[in-house]
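Working notes, structure below.
The values are calculated or read from the model by the stated rules, or taken from the named source; none is laboratory data. Just so it is clear, the model here is predicted, and its values are computed rather than measured. Here the Cβ is made from the backbone with ideal geometry for all residues, glycine too, and neighbour counts use every protein chain on show. Heavy atoms of the whole protein, side chains included, go into the accessibility calculation; ligands, DNA and RNA do not. Shrake-Rupley method; radii C 1.70, N 1.55, O 1.52, S 1.80 Å.
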Amino acid sequence: MTIALLGSGEFTEAMEEVDREVLSYFAKASKDAIVAIVPLAAKKEADYLKWVEMGRKHFDKLGVEAYGAETAQELKRANV
């Protein structure tokens, strides 16, 4: 398993090229990669789950499966 932690400008057009490059390291075809979105920095915001939705839309546009998790424990339970 390989993990990349990215932030600042996430889920914007400005990051599309960066995200495509990072995804290319994880799978021969980026479509094989899976993205887990864990909005820890936004956790104190009332609408922090908006970041999960923004991420799903962003990566859907890039042709990659993405899902959200509220905590790292949730990722562990999902066997990611």
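The figures follow:
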item: The range 27-79 - residue that is part of a strand (DSSP E or B) and under 19 Å from Glu16 (Cβ atoms) and, of those, modelled with the lowest pLDDT; result: Ile34
item: Filtered residue count, the range 29-68, keeping only those that are aliphatic (A, V, I, L, M) and open to solvent by 80 Å² or more (accessible area, probe 1.4 Å); result: 5
item: Pair list, Cβ under 6 Å, 6 or more apart: the range 10-24 residue in contact (Cβ under 8 Å) with a residue 40 or more places away in the chain and on the phi < 0 side of the Ramachandran plot, other residue surrounded by 13 or more Cβ atoms within 10 Å (Cβ to Cβ) and outside any loop (DSSP other than H, G, I, E, B); result: Leu23/Ser30
